[in-house]
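**Student:** Once you've had a glance at the structure underneath, I'll fire off some questions.
Quick note: the coordinates plus some simple rules give every number you see, no bench work behind them. Computed from a prediction, not measured in an experiment: that's the story for all the values here. Because the Cβ atoms are built from the backbone with ideal geometry, glycine has one as well, and the counts that use them run over all protein chains shown.
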Amino acid sequence: MSIISMGTHLQLLIHPSRSPIPHRGSLLQVADHGVRGHRHVRAHIMAARKAIEGVSDELNAVASQNMDFAPARRRVRTAFLPVQQQLNHVLFKMAVPEIQMEERYEKSSRGVEIFWKSWRPGQGEPMKAALFFCHGYGDTCTFFFEGIAKIIAAAGYGVFAMDYPCFGLSEGLHGYIHSFDEMVDHVIEQYARIRGMEEVRGLPHFLLGQSMGGAVALKVNLKQPREWDGVVLVAPMCKIAEDVTPPALVLKALAIISNILPEAKLFPQKDLAELAFRIPQKRKMTAFNAISYSDQMRLRTAVELIKATHDIESQLEKVSSPLLILHGAADKVTDPQVSRFLYDKACSKDKTLKLYEESYHSILEGEPDDRILEVINDIILWLDSHSTLK
């Protein structure tokens, strides 16, 4: 999650499932270049990434390289994979029955190479339904979510996840959202391809969105209301609190500037790890998610997130699919009352809101082990009850 602030107290809460790593030694560089047939200015901020405790100098050197583009991020992920698998976290060390896993790269209709991964029940085991994951801002589907997906797959579900363009292992300028709707269309296209696969076709299909991924999942569902059998939202980003909503004139000014400096990293990010992760040891492990985007937020990205949130808020009464909303009651990053607002506004006749006492924002990663497993089990129980309805 980041807090974006600018002169006039402009703020926006947009937390991913991990916290940003603080940076130091920034240097701003500006260069002209062509983007989508237009001439734009790109502002780079060269920053030294904070050293990751417990890894070699060699790995820290790997993690400190420029990861603006996918080839570098893919190299870093490969280098860090053995270390990640040794982390003392329930999502990495918990033993689960044998499951099938597969990773693929696939070109979208817009020519962007998309990374996606699947976790499925063991060979010969039936698949109850398919669950499609939408990750948070700056995040990837190849770190903490791996453990979540394995547990859900072991319960009989096919779990499918992708990295959005410009995030994780997919192509594109790291951390850049040129158009939120275009990003959502990428998700719709990729997941439509997967839903068309023989082993998935005909099964119930569910969306799972976390933090900003909750906004993505809601937009997907609003665009395809008849395509999904239910939506699970974890601490979703779907409304900006009134006391931090930017004034209309500020929004207009930002929109104009974003056309000139769309990729500029103009907004400082505050490290909110202490607010997102209740358990200090788990909080430290976020640093090992080395390919996450943790630099200053790009201007166009900020504008698109504000616009998307406003658009979703104006359409919440159209949400009609079965809905499960899960939120930490002590979350100081995304307000649990916003989830209650969503619950009240959605027109779905089948909707459930569950608040977890004392829990922070990252209820799937940063809580005590028993709470993490409780939340995952609540998701599985809900999927079980809705997979038999079709």
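**Student:** Excluding residues fewer than 8 places away in the same chain, name every one of the aspartates and glutamates whose C-alpha is closer than 15 Å to that of Lys332.
**Tutor:** Asp243, Asp271, Glu274, Glu357, Glu358, Glu367
**Student:** Which value, in debye to the nearest 20, gives the size of the charge dipole of region 23-387 about its Cα centre, when Lys and Arg are +1 and Asp and Glu are -1 at the Cβ?
**Tutor:** Details: 43 positive and 46 negative charges, 157 e Å.
Around 760 debye, computed over region 23-387.
**Student:** Over 40 Å, how big is the tail of the calculated P(r) for region 23-387, in percent of all Cα pairs?
**Tutor:** Working: 6048 of 66430 pairs.
So the pairs more than 40 Å apart make up 9 percent of the total in region 23-387.
**Student:** Right, another one. With each label point set 7 Å from Cα along the Cα-Cβ vector, what nm distance links Val83 and Ile188?
**Tutor:** Between Val83 and Ile188, the label points sit 4.0 nm apart.
**Student:** Same structure, new question: Arranged by the count of other C-beta atoms within 10 angstrom, fewest first, what order do Ser170, Ser321 take?
**Tutor:** Details: Ser170 25, Ser321 22.
Least crowded to most crowded, the residues run Ser321, Ser170.
**Student:** Give the aspartates and glutamates reachable from Lys349 as a straight Cα distance under 12 Å; neighbours fewer than 8 places away on the same chain don't count.
**Tutor:** The qualifying aspartates and glutamates are Glu317.
**Student:** Now, a different point. Would you kindly derive the ³J(HN,Hα) couplings of region 133-146 from the backbone phi angles with the Karplus curve 6.51 cos²θ - 1.76 cosθ + 1.60 (θ = phi - 60°), listing them in order in whole Hz, with x for Gly and Pro?
**Tutor:** Result, ordered by residue: 9, 10, 7, x, 4, x, 8, 8, 8, 10, 10, 4, 5, 3 Hz.
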